[in-house]
1. Quick one: in segment 60-93, of everything that is touching a residue at least 24 places away in the same chain (Cβ under 8 Å) and among the aromatic types (Phe, Trp, Tyr), which residue is nearest to Met23 (Cα to Cα)?
2. Within segment 81-93, which residues are under 18 Å from the mean Cα position of the chain (by Cα) and surrounded by 12 or more Cβ atoms within 10 Å (Cβ to Cβ)?
3. State which residue is nearest to the chain's Cα centre (by Cα) when the search covers only segment 63-75 and only residues that are β-branched (Val, Ile, Thr) and closer than 22 Å to Gln9 by Cβ.
4. Could we say that Arg73 is among the basic types (Lys, Arg) and in a helix (DSSP H, G or I) here?
5. Enumerate the pairs (first residue in segment 31-59 and closer than 15 Å to Gln19 by Cβ; second residue anywhere and among the small types (Gly, Ala, Ser)) with beta-carbon separation below 7 Å, excluding pairs fewer than 6 apart on the same chain, so at least 6 apart or on different chains.
6. Out of all the residues in segment 33-62, which are under 14 Å from Ile10 (Cα atoms), of a type in the set (Gly, Ala, Ser) and either open to solvent by 100 Å² or more (accessible area, probe 1.4 Å) or not in a helix (DSSP H, G or I) (or both)?
7. Quick check on this structure: which one of Thr28, Thr16, Thr69, Thr65 is surrounded by 14 or more Cβ atoms within 10 Å (Cβ to Cβ) and closer than 22 Å to Glu92 by Cα?
8. When you scan segment 2-12, do you find a residue that is part of a loop (DSSP other than H, G, I, E, B), out of contact with any Leu (no Cβ under 6 Å at 6 or more places or on another chain), open to solvent by 30 Å² or more (accessible area, probe 1.4 Å) and at positive phi, even just one?
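The values are calculated or read from the model by the stated rules, or taken from the named source; none is laboratory data. These numbers come from a predicted model, not from an experiment. FYI the Cβ positions are ideal-geometry reconstructions off the backbone, even for glycines, and counts take in every protein chain you see. Please note that ligands, DNA and RNA were not included when accessible areas were found on the heavy atoms of the full protein model with its side chains. Shrake-Rupley method; radii C 1.70, N 1.55, O 1.52, S 1.80 Å.
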Amino acid sequence: MATYRTSMQIIADLLTVTQDSGMKGIGTTSLLTRANLSHSRLGKFLDNLTGAGLVTKIEYDGRHTFVITPRGRQYLETYEQFSKIAESFGLEL
């Protein structure tokens, strides 16, 4: 049976992939493949992430690059801590 990711898991995956790309950021195509999302779903999540200040979108020469912000790093760290606590009680996020 297929397991589906929750919105929180997808956001954590997007932030992790963006963080792993470093200060140079990550392009849309790489983000699509590494986070395993369709283009339309990715667009919705990126709008939310940039709106919340977790990711910065840099536009240059018609291309978009995404970089995680300090607030995004803090969110990811808190999510990981909460996930471990939930797991210790036998819960899944």
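1. Ranking the candidates gives Phe66 first.
2. Those that are under 18 Å from the mean Cα position of the chain (by Cα) and surrounded by 12 or more Cβ atoms within 10 Å (Cβ to Cβ): Phe82, Ser83, Leu93.
3. Of all residues in segment 63-75, those β-branched (Val, Ile, Thr) come to 65, 67-69.
Those left that are additionally closer than 22 Å to Gln9 by Cβ: 67-69.
On the way: Val67: 10, Ile68: 9, Thr69: 11 Å.
Only one residue tops the list, namely Ile68.
4. yes
5. The qualifying pairs are Leu54/Gly72; Val55/Gly72.
6. Passing the criteria: only Ser38.
7. The conditions single out Thr16.
8. no
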